[in-house]
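Down below is the structure, laid out as structure tokens.
Coordinate-derived values only; no laboratory data. Computed from a predicted structure; not experimentally measured. Glycine gets a Cβ as well: all are built from the backbone with ideal geometry, and neighbour counts include every protein chain shown.
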Amino acid sequence: MYHSIISEGQWSGEIWNRRKSGEIYPQWQTIRSVMGDDGQPRHFVAVFSDITAIKRSEQELAQLIHFDGLTDLPNRLLLTDRISQALTSARASKRGCALLLIDLDHFKNINDSLGHNVGDDVLRAVAERLKSVSGNEMTLARPGGDEFALLIKNCSQLVQAAALAQQVIDALKAPFAIAAHQLFVTASIGISLFPGDALTAEQLLRNADSALFKAKGDGRECYALYTEELTAHAQQRVQLAYELRQAVELEQLRVFYQPVHDLVTRRIRGVEALVRWQHPERGMVSPGEFIPIAEQSGLIADIDAWVLKTACLQMKAWLAEGVPVEFVAVNVSSRLFNHGDLDRRVAQALQETGLEPAFLEPEVTESAVMEDPEQAIEQLHRLRELGLSLAIDDFGTGYSSLLRLKRMPVQKLKIDQGFVAGLPGDDDDIAIVRAVIALAGSLGMRVLAEGIEHANQAAFLLGNGCQLGQGYWFARPMVAQAIDWTHAPVFEQPG
């Protein structure tokens, strides 16, 4: 602090201060030096802001985002992060990890016959029963629905993981006394190990899910171990990476556009550019298949640059035709965003295509911003100086500091479709969506909800102050020529 004030003439940051009552509280402090005629600091001016409320909101939102509201267990987002941390530690110590995916058998029957309230009580009771099995070196989580997960650190032996799986099965054998009912609940379990079966969190989860599928096929109330024979996915990925490189060279990629609608007028306000791969033999390859491969192989930066230029050219053509479209949004990968020269690449694309900056809206994921927050803020400011509108994509899935968000020159937050899917019935999703909308409003940002698939979701979002929406209910991604600019789907206005 002192060095910064002396060398740069100012300092700002977060500190802890003490009230007269003795209470410790967080404070944002800015200190500037006032120089004398001799160029030496004569006085110091400090401005203090009490950020207790901001910190409290930050903690509440973090709780909503990272923990399951029903059981208070880590949710899928936090579980994935815990797995990544466990794998990093395991590599350093040359030890192993195991993941057990636990799915309750025929749980739907309980919800259908006794109601969701009883179903929720069962899930809470199962969570407590599973806690009795888990130990200090384990993380128990509820990724969603009727599925639980148990991450075991320092587990290199298959027999150890299998023994724990059997303990889980045995722990659930006793009936659950719920609302005057004696309910029997069984579980199927899939097991995957690091490093034998997987090297990343995503692989560990995917392979455990493959093993879980096998356990259900084997008759349920049992566990199954992942084997390479369960899926040819690994070999397919190697082949797909080779073919993707060829696709880039042979121009097999296509840009589709998904309309973004104004929830009030229902009219199309803009579009999001989305890359698609038209394979000559496989047909349309899902982005979920080739985007991760593009990121791992380093092709994603070239693909991003091509999509950016293509989208700018298309937007220029639409404007020349008099199409009433206000913006084209383009996804920016974390690799390209954190490369450091994104602003130069965007400026080059604008110059080459002749598109005015105001019509282009780069979208950066929250996770990409959080890889290096300070550098990200600088990068965003450079992009904003070009005259662009900026959006944070998949908001709510990362670990953003609300104070950092306030410093970002961002005009729009996009609510991740994972939180929209449960609307309007899921209490956790409702709380998160309302919190994000309120946060955006307090910061002067607009809100766009992704993944709207039903009219009641659109109505709920509009009723809670969300301005924009996109999703299959409005329109699927399509070629530029197929967009119906007059399309304005009707849904019941919230009362």
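Full extension of the chain between D484 and Q278 gives 71.9 nm of extra length, using 0.36 nm per residue less the Cα-Cα distance.
Stokes-Einstein at 37 °C, 0.692 mPa s, Kirkwood radius from Cα pairs: D for the stretch 2-50 in µm² s⁻¹? Diffusion coefficient, whole number: 275 µm²/s. Is the shape of the stretch 235-482 best called rounded, prolate or oblate, per the rule: a/c under 1.5 gives rounded, else a/b larger than b/c gives prolate, else oblate, with a ≥ b ≥ c the square roots of the Cα gyration tensor eigenvalues? In terms of gyration-tensor shape, rounded. Note on K94: lysines with a C-alpha under 19 Å away, same-chain residues under 8 apart excluded, are K153. Here the convex hull built on the C-alpha positions of the stretch 316-455 has a volume of 118 cubic angstrom per residue.
If you take the C-alpha gyration tensor of the stretch 91-159, multiply each eigenvalue by 5 and take the square root, what semi-axes do you get, largest first, in whole Å? Please report the intermediate quantities before stating the final value.
Numbers: eigenvalues 181, 25, 15 Å².
So the three semi-axes of the stretch 91-159 are 30, 11, 9 Å.
Each residue in E128, E147 was given a count of other beta-carbon atoms within 10 angstrom of its own, and listing them fewest first yields E128, E147.
Within straight-line reach of K316, meaning a Cα separation under 15 Å, sit the following aspartates and glutamates at least 8 residues removed in sequence or on another chain: E272, E326, E352, E356, E361. Each label point was placed 7 Å from the Cα along the Cα-to-Cβ direction; for K94 and Q351 their separation is 5.3 nm. Rg and Dmax of the chain, based on Cα coordinates, read 25.7, 86 Å. Here the spin labels are modelled as points 7 Å beyond Cα on the Cα-Cβ line, and at E378 and Q10 they lie 1.7 nm apart. Looking at the chain, the DSSP beta bridges with both ends there are about 70 percent antiparallel. For the stretch 374-432, count all C-alpha to C-alpha pairs, find those more than 18 Å apart, and express that count as a whole percent of the total. Everything past 18 Å amounts to 43 percent. Cross-link partners for K406 among the lysines, with Cα-Cα distance under 27 Å and sequence neighbours closer than 8 places in the same chain left out: K55, K414. Averaged over residues, the count of other Cβ atoms within 10 Å places the peptides 82-93, 465-476 in the sequence 465-476, 82-93, highest first.
Put simply, when 478-491, 447-460 are sorted by average Cβ atoms within 10 angstrom per residue, most first, you get 447-460, 478-491.
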